[in-house]
Amino acid sequence: MAELAWITLGKHPQLGLTAATIRDDFGSANRMLLDAGFSTGHPDFAYVLGDSRPDEVQATLQQLYSAVASHYVAIDDASLDGRMPTSPALPRSSEPAHPPTPSPRRPDSRADLAEFAEELSGRLPGSWTAAVHEHAAEEGQLPLSERVWDYGHVSWALSEFTPHRSPVLTSDSGIELLVTDRPLRKHEFLVAAFEPRGSGFDTTTRTPNGIVVNTDPVRAASRVTTRLLPRYQEAVRETRLSQVAKSVAAGQRVLAEWDAVSDSLCDADHWPLDERYGLRQQVRDAEMWAQFAPFLEHGPTLVAHAEEKLPLLDPAERAAGRWAYRLHALREALAGGARVQAEFQVVAEALLPDHPRSKAVFADAVAMRNAEGWHYSLTWMDNAGVLVDIARADKAPPTPPTRPLRAQQVRSRRAEAALSWSPHAARQITAAIEKNAGPPAIRFFNSSRPPRSR
């Protein structure tokens, strides 16, 4: 049996009726207070009615007492001077002795958020789980409102009407969606995506703003699948491509710095002078691996999307840029980098933290991983620009096909031949003949009689 959620009521001389909630895991008490007219955001009280008139307070209390009849919510009004007569009070234990029978939902009551989120998660493509999270910041994490990837209505709603808890849907691929009530709309919800963890998107990226859905889980799942998720995937792809361009530029700077100092550390025959060459080489390998390592996770998705778009692009542009070959090189670089990282993880997990030489062995393992991954890092930096080129070519408007000049001439000759036999051309020819013809001959005999023969 679910635990009771408690609403504690109080009075304030200036603010009027105040309230607080306890053990409101599913937000039922929160929705009841908002429906009754309470507001949030006060620095000292969780909920404030903002009206001290007795008739308004009486009507609010009556609505609260009526609403708790069909929910596992109890009201603690001991601090009020005069309490309203209610139905038999629920016990203060976590489990009621006689749980009330749920009554049919009233048409004007707010839909249950947790139940809606659970049904929505079962209708989205893939495997999704629903869990209720606190909006307040947990240890080492940002508040939910700051993680929402939205600059539109959802961001405004969370800043003005911040709920205490909201369900979060998580897919097997790591996509996270926030589901919350739409303020001032009892039969609508808001669904928005969270920023991918570790994405580091900037303000130039077009955010996949959240959408408004109704209380029907089937229609809501259709809108999320056809509108929100495609926008989210496109925004993530743009963010990753922006990171690719930045990493390639950073890798080019690392190579330029290495070329500038490597000759000074070698003799005329290009042999290293001393150990400074090896130390500087380790710095180069570490900097290149730092630019390459983030793409071991989401790089295969970018390459797969580019391979999917490649057959639809201009064949001449594909051949000139060697796009197919460069995508194959990226595949091999990611596979080799993943193998090197897996071998390093085996060594790192086998180390004993308390061993005196564990730090030295770990440092040697890092240096060896960076050295073995140098080839794959360099291959990625040399060919990763093709992902940006393919994305740019895919977004470019298609150029209309040009017909050969010979075909245009043949078509024009056929058109002239057809025009010469048309009725319009015949009328033009007749008019030209009549215009160029001379005056008719003068006849001195009666034209009604035929001339006599000799």
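The values are calculated or read from the model by the stated rules, or taken from the named source; none is laboratory data. Here the structure is a predicted model, which means the values were calculated and not measured. Here the Cβ positions follow ideal geometry from the backbone for every residue, glycine too, while neighbour counts run over all protein chains shown. Please note that ligands, DNA and RNA were not included when accessible areas were found on the heavy atoms of the full protein model with its side chains. Shrake-Rupley method; radii C 1.70, N 1.55, O 1.52, S 1.80 Å.
Descriptive notes on the structure:
- Taken together, 244, 254, 218 contain a single residue that is touching a residue at least 40 places away in the same chain (Cβ under 8 Å), among the β-branched types (Val, Ile, Thr) and open to solvent by less than 50 Å² (accessible area, probe 1.4 Å), which is 244.
- Total residues in region 39-51 satisfying the condition of being modelled with pLDDT of 80 or more and within 22 Å of residue 133 (Cβ to Cβ): the figure is 2.
- Test: residue in region 16-38 that is assigned to a loop (DSSP other than H, G, I, E, B), at pLDDT below 70 and surrounded by 16 or more Cβ atoms within 10 Å (Cβ to Cβ): yes
- Among the conditions (1) modelled with pLDDT under 75; (2) open to solvent by 60 Å² or more (accessible area, probe 1.4 Å); (3) over 36 Å from the mean Cα position of the chain (by Cα); (4) not hydroxyl-bearing (Ser, Thr, Tyr), the only one that residue 4 does not satisfy is (2).
- Residues that are within 13 Å of the chain's Cα centre (by Cα) and crowded, with 16+ Cβ neighbours inside 10 Å, drawn from region 147-157: 147, 148, 149, 150
- Selection count where residues are assigned to a loop (DSSP other than H, G, I, E, B), open to solvent by 50 Å² or more (accessible area, probe 1.4 Å), within 12 Å of residue 145 (Cα to Cα) and not hydrophobic (A, V, I, L, M, F, W, C), scope region 158-188: 2
- Any hit, region 246-255, residues being outside any helix (DSSP H, G or I) and on the phi < 0 side of the Ramachandran plot: no
- Residue 223 vs. criteria at pLDDT below 90, closer than 27 Å to residue 237 by Cβ and basic (Lys, Arg): no
- Annotation note: Cβ proximity below 9 Å between a residue of region 354-365 that is of a type in the set (Phe, Trp, Tyr) and a residue that is not in a loop (DSSP other than H, G, I, E, B) (sequence gap 6+ or interchain) occurs for 362/347; 362/348.
- Any hit, region 353-361, residues being touching a Lys or Arg at 6+ places or on another chain (Cβ under 7 Å) and either within 25 Å of residue 380 (Cβ to Cβ) or hydroxyl-bearing (Ser, Thr, Tyr) (or both): no
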